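*Asks:* This is the structure, below, for whatever I ask next.
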Amino acid sequence: MADNTLAHRAQHATTTEAVHLPPTAAPTNHGKTLAAWVTSWVIVAGGTVAGLAVAFAVVWLFWVGLGIVVAGLVAGWVLKSMGYGQGGAATIARQKEHGGH
């Protein structure tokens, strides 16, 4: 008697799935760039300020938090345009200086 339950079929798949890989390898820094770190942490800080403002019902502080978030986005864009983003000249130079990673 064959086991045709859903659990058995899930563990013993009989169909093949096509894998579509990207045409080239992704950059090796995995987004660990100055632009990415600054953007992420400034947005986290702004979100925290805005969240605390909502919790304590301080309207002006909420807008300050959103301003910090926007400043983080602008700072990330500026750093990326200066070459500190993924694939940027400063990031590539730093990778070569530190042995590729």
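*Asks:* Please state which one of Gly85, Gly72, Gly47, Gly67 is modelled with pLDDT under 95 and open to solvent by less than 80 Å² (accessible area, probe 1.4 Å).
*Replies:* Result: Gly85 is the single residue among Gly85, Gly72, Gly47, Gly67 that is modelled with pLDDT under 95 and open to solvent by less than 80 Å² (accessible area, probe 1.4 Å).
*Asks:* Let me ask you something else. Take the residues in region 88-100 that are part of a helix (DSSP H, G or I) and either acidic (Asp, Glu) or surrounded by 13 or more Cβ atoms within 10 Å (Cβ to Cβ) (or both), then tell me which one is modelled with the lowest pLDDT.
*Replies:* Among them, the one singled out is Gln95.
*Asks:* Pairs, please: C-beta under 6 Å, at least 6 apart or cross-chain, first residue within 16 Å of Trp37 (Cβ to Cβ) and in region 55-84, second loosely packed, with under 13 Cβ neighbours inside 10 Å?
*Replies:* Pairs found: Gly83/Ala89.
*Asks:* State the number of residues belonging to region 45-101 that are of a type in the set (Phe, Trp, Tyr) and more than 20 Å from Gly31 (Cα to Cα).
*Replies:* Going through region 45-101 one residue at a time, the tally reaches 4.
The values are calculated or read from the model by the stated rules, or taken from the named source; none is laboratory data. These figures come from a predicted structure and were not determined experimentally. Quick reminder, even Gly has a Cβ in these numbers, built from the backbone with ideal geometry, and neighbours come from all protein chains shown. Protein only, heavy atoms only, side chains kept; ligands, DNA and RNA dropped before computing areas. Shrake-Rupley method; radii C 1.70, N 1.55, O 1.52, S 1.80 Å.
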